[in-house]
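Novice: I have a structure I would like to understand better, so I am pasting it below and will then ask my questions one at a time.
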Amino acid sequence: MTKHYFEILNNSNNLIKGDLRIPFLESLSPLIIFSHGFKGFRNWGFIPYVVQKFAENGFISINYDFSLNGIIDDINQVYDDNIFRKNTVSSEINDLKTLIENIINYQNIFDKIKNLWNNDIFLLGHSLGGAISILVAPSFNQIKRISLWASISNLDRNTQRQKEIWKERGFTEVEIRNTGQKLHVDYSYIEDKDNNLGKNIINRTINNLEIPIQIIHPKMDKTVNIKEAFELKSSESDIKTRDLYVLENSGHLFNSKHPFTGTNTALENAINVSLKFLKSEYV
């Protein structure tokens, strides 16, 4: 296996950073893209371990940073607040689309997979990254499957009163639990969702997707209630499979933390269930 760092500029001239892992292959392989969640980054906790596992199982694998996630120190989890506060859901959608366009056109580092990739893309998203994966999927015929880890089903996550206060101040404050660093999110985050994405866009989009989608959700998730997993599953039909796997005795972060100190039962279960789902048409 080889690992390659890459940088891509999106159409706003913001930098998308990532890692491409290429296994030693005897046949053409699908490609998996892991999208992190809110306050996440490509090297958070379990993410590099998970992506490595997929590569070890024969998938070309990518983990990347959304361009405005603000991370400046992966190890100590330090963010640039001036960057973080400008992020929006639309920006993250644009980042993933930009990354996929580079892959499809074999631009930049992706010329390395020209004779190795079978043209299929699988998306794996955690939390908000799951929603981003769903919202990007209709744009590319190459996307064949999605695995959702503790994904949200609704972008509107604030009460009207919270949004009014947010608007009055111009920002809201969030804290990084590990470090206590206070970060800010500008009100443009809410304006973007209201003006560009609309109500129930995740459910409306997943309802129109006919590709297989897997939903893995921790039963004890206090960040994204498991009812959201059932909302995502409700989009299934005879031609749209939506497999739901509930992880017992696990929270939103799959019983992991940052920095990563090693795997555990919940995380291994999530990896194995995802691998079975994504490999099913290749065995």
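Novice: Can you name the residue in region 22-58 that is among the aromatic types (Phe, Trp, Tyr) and touching a Ser or Thr at 6+ places or on another chain (Cβ under 6 Å) and, of all such residues, is farthest from PRO259 (Cα to Cα)?
Specialist: Here is the first cut: in region 22-58, the residues among the aromatic types (Phe, Trp, Tyr) are 24, 34, 38, 41, 44, 46, 49, 54.
In the following step, the residues that additionally are touching a Ser or Thr at 6+ places or on another chain (Cβ under 6 Å) were identified as 46, 54.
Details: PHE46: 8, PHE54: 20 Å.
My answer is PHE54.
Novice: Considering only residues of region 13-23 that are in contact with a strand residue (DSSP E or B) (Cβ under 9 Å, 6 or more places away or on another chain) and either more than 14 Å from TRP117 (Cβ to Cβ) or small (Gly, Ala, Ser) (or both), which is surrounded by the fewest Cβ atoms within 10 Å (Cβ to Cβ)? So that I can check it myself, show each step before the final result.
Specialist: Going residue by residue through region 13-23, those that are in contact with a strand residue (DSSP E or B) (Cβ under 9 Å, 6 or more places away or on another chain) are 15-23.
Subset that is either more than 14 Å from TRP117 (Cβ to Cβ) or small (Gly, Ala, Ser) (or both): 15-19.
Values: LEU15: 13, ILE16: 22, LYS17: 18, GLY18: 20, ASP19: 22.
Ranking the qualifying residues of region 13-23, first place goes to LEU15.
Novice: Select, from LYS182, LYS240, LYS222, LYS199, the only residue that is under 20 Å from the mean Cα position of the chain (by Cα) and charged (D, E, K, R). Before the answer, list the steps.
Specialist: Working: LYS182 fails: under 20 Å from the mean Cα position of the chain (by Cα); LYS240 fails: under 20 Å from the mean Cα position of the chain (by Cα); LYS199 fails: under 20 Å from the mean Cα position of the chain (by Cα).
The match here is LYS222.
Novice: Among SER67, SER27, which is hydroxyl-bearing (Ser, Thr, Tyr), on the phi < 0 side of the Ramachandran plot and modelled with pLDDT of 95 or more? Explain how you work it out, then say what you get.
Specialist: Values: SER27 fails: modelled with pLDDT of 95 or more.
The match here is SER67.
Novice: Continuing with this model, one more query. Could you tell me which numbered condition LEU197 fails, if it satisfies all but one of (1) without any contact (Cβ under 8 Å) to a residue 60 or more places away in the chain; (2) over 21 Å from VAL50 (Cα atoms)?
Specialist: (1)
Novice: State whether the residues of region 30-38 include one that is surrounded by fewer than 21 Cβ atoms within 10 Å (Cβ to Cβ), under 24 Å from SER153 (Cα atoms) and either within 18 Å of the chain's Cα centre (by Cα) or modelled with pLDDT of 95 or more (or both). Give the derivation first.
Specialist: First, pick out the residues of region 30-38 that are surrounded by fewer than 21 Cβ atoms within 10 Å (Cβ to Cβ): 38.
So of that shortlist, the ones also under 24 Å from SER153 (Cα atoms) come out as 38.
When the remaining residues are screened for being either within 18 Å of the chain's Cα centre (by Cα) or modelled with pLDDT of 95 or more (or both), the result is 38.
So far as region 30-38 goes, yes, one or more of its residues are surrounded by fewer than 21 Cβ atoms within 10 Å (Cβ to Cβ), under 24 Å from SER153 (Cα atoms) and either within 18 Å of the chain's Cα centre (by Cα) or modelled with pLDDT of 95 or more (or both).
Novice: Right, next: Output the number of residues of region 189-231 satisfying the condition of being crowded, with 17+ Cβ neighbours inside 10 Å and either of a type in the set (Lys, Arg) or at positive phi (or both).
Specialist: 1
Novice: Hey, among ASN87, ASN115, ASN119, which residue is under 27 Å from ILE22 (Cβ atoms) and in a loop (DSSP other than H, G, I, E, B)?
Specialist: The conditions single out ASN115.
Novice: Here is a follow-up. Restricting to region 145-160, and then to whatever is out of contact with any helix residue (DSSP H, G or I) (no Cβ under 8 Å at 6 or more places or on another chain) and in a loop (DSSP other than H, G, I, E, B), can you tell me which residue is surrounded by the most Cβ atoms within 10 Å (Cβ to Cβ)? Explain how you work it out, then say what you get.
Specialist: Going residue by residue through region 145-160, those that are out of contact with any helix residue (DSSP H, G or I) (no Cβ under 8 Å at 6 or more places or on another chain) are 157, 159-160.
This time we only want the ones that are in a loop (DSSP other than H, G, I, E, B), so: 157, 159.
Working: ARG157: 11, THR159: 9.
Ranking the qualifying residues of region 145-160, first place goes to ARG157.
Novice: Next question. What is the one condition in (1) within 24 Å of ASN255 (Cα to Cα); (2) part of a loop (DSSP other than H, G, I, E, B) that LEU25 does not satisfy?
Specialist: Only one criterion in (1) within 24 Å of ASN255 (Cα to Cα); (2) part of a loop (DSSP other than H, G, I, E, B) is unmet by LEU25, namely (1).
Novice: From ILE83, ILE132, ILE143, ILE93, which residue is more than 23 Å from ASN200 (Cα to Cα) and not acidic (Asp, Glu)? Reasoning before the result, please.
Specialist: Details: ILE132 fails: more than 23 Å from ASN200 (Cα to Cα); ILE143 fails: more than 23 Å from ASN200 (Cα to Cα); ILE93 fails: more than 23 Å from ASN200 (Cα to Cα).
Checking each option against the conditions leaves just ILE83.
Novice: Could I ask something else about it? So in region 163-182, with the set limited to residues that are assigned to a helix (DSSP H, G or I) and not hydrophobic (A, V, I, L, M, F, W, C), which one is surrounded by the fewest Cβ atoms within 10 Å (Cβ to Cβ)? Walk me through how you get there before you give the answer.
Specialist: We begin by selecting, within region 163-182, every residue assigned to a helix (DSSP H, G or I); these are 163-169.
Narrowing further to those that are not hydrophobic (A, V, I, L, M, F, W, C): 163-164, 167-169.
On the way: LYS163: 16, GLU164: 11, LYS167: 13, GLU168: 8, ARG169: 12.
Per the stated criteria, the residue is GLU168.
Novice: When both residues are 6+ apart or on different chains and their Cβ atoms are under 8 Å apart, which pairs have a first residue that lies in region 155-177 and is hydroxyl-bearing (Ser, Thr, Tyr), and a second that is part of a strand (DSSP E or B) and modelled with pLDDT of 95 or more?
Specialist: THR172/HIS184; THR172/VAL185
Novice: What is the residue count in region 223-243 for residues that are aromatic (Phe, Trp, Tyr) and closer than 12 Å to ILE202 by Cα?
Specialist: Of the residues in region 223-243, the ones aromatic (Phe, Trp, Tyr) are 230.
Checking the rest, the ones that are also closer than 12 Å to ILE202 by Cα come to none.
Here the count works out to 0.
Novice: Of the residues in region 130-144, how many are in contact (Cβ under 8 Å) with a residue 60 or more places away in the chain, part of a helix (DSSP H, G or I) and farther than 14 Å from ALA270 by Cβ? Write out each step before concluding.
Specialist: Going residue by residue through region 130-144, those that are in contact (Cβ under 8 Å) with a residue 60 or more places away in the chain are 130-135, 137-138, 143-144.
Now narrow it down to the ones that are part of a helix (DSSP H, G or I): 130-135, 137-138.
Going one step further and asking which of them are farther than 14 Å from ALA270 by Cβ, we end up with 131-135, 137-138.
Matching residues across region 130-144 total 7.
Novice: Moving to a separate point now. For region 35-57, name all the residues that are in contact (Cβ under 8 Å) with a residue 60 or more places away in the chain, farther than 16 Å from ILE93 by Cα and in a loop (DSSP other than H, G, I, E, B).
Specialist: Correct list: TRP44, GLY45, PHE46, ASN57.
Novice: Further question: Against the definition (in contact with a strand residue (DSSP E or B) (Cβ under 6 Å, 6 or more places away or on another chain) and surrounded by fewer than 21 Cβ atoms within 10 Å (Cβ to Cβ)), how does ASP81 come out, yes or no? Even if it seems obvious, please write down each step before you answer.
Specialist: Details: in contact with a strand residue (DSSP E or B) (Cβ under 6 Å, 6 or more places away or on another chain): yes; surrounded by fewer than 21 Cβ atoms within 10 Å (Cβ to Cβ): yes.
Yes; evaluated as a whole, the condition is true for this residue.
Novice: Let me ask something else about it. Can you pull out every residue in region 235-267 that is touching a His at 6+ places or on another chain (Cβ under 8 Å) and aliphatic (A, V, I, L, M)? Let's see the steps before the verdict.
Specialist: Initially, region 235-267 is screened for residues touching a His at 6+ places or on another chain (Cβ under 8 Å), giving 244-247.
Of everything in region 235-267, those that are touching a His at 6+ places or on another chain (Cβ under 8 Å) and aliphatic (A, V, I, L, M) turn out to be LEU244, VAL246, LEU247.
The values are calculated or read from the model by the stated rules, or taken from the named source; none is laboratory data. Bear in mind that the values here come from a model prediction, so they are computed numbers and not experimental data. Cβ atoms come from the backbone with ideal geometry, glycine included; neighbour counts cover every protein chain shown.
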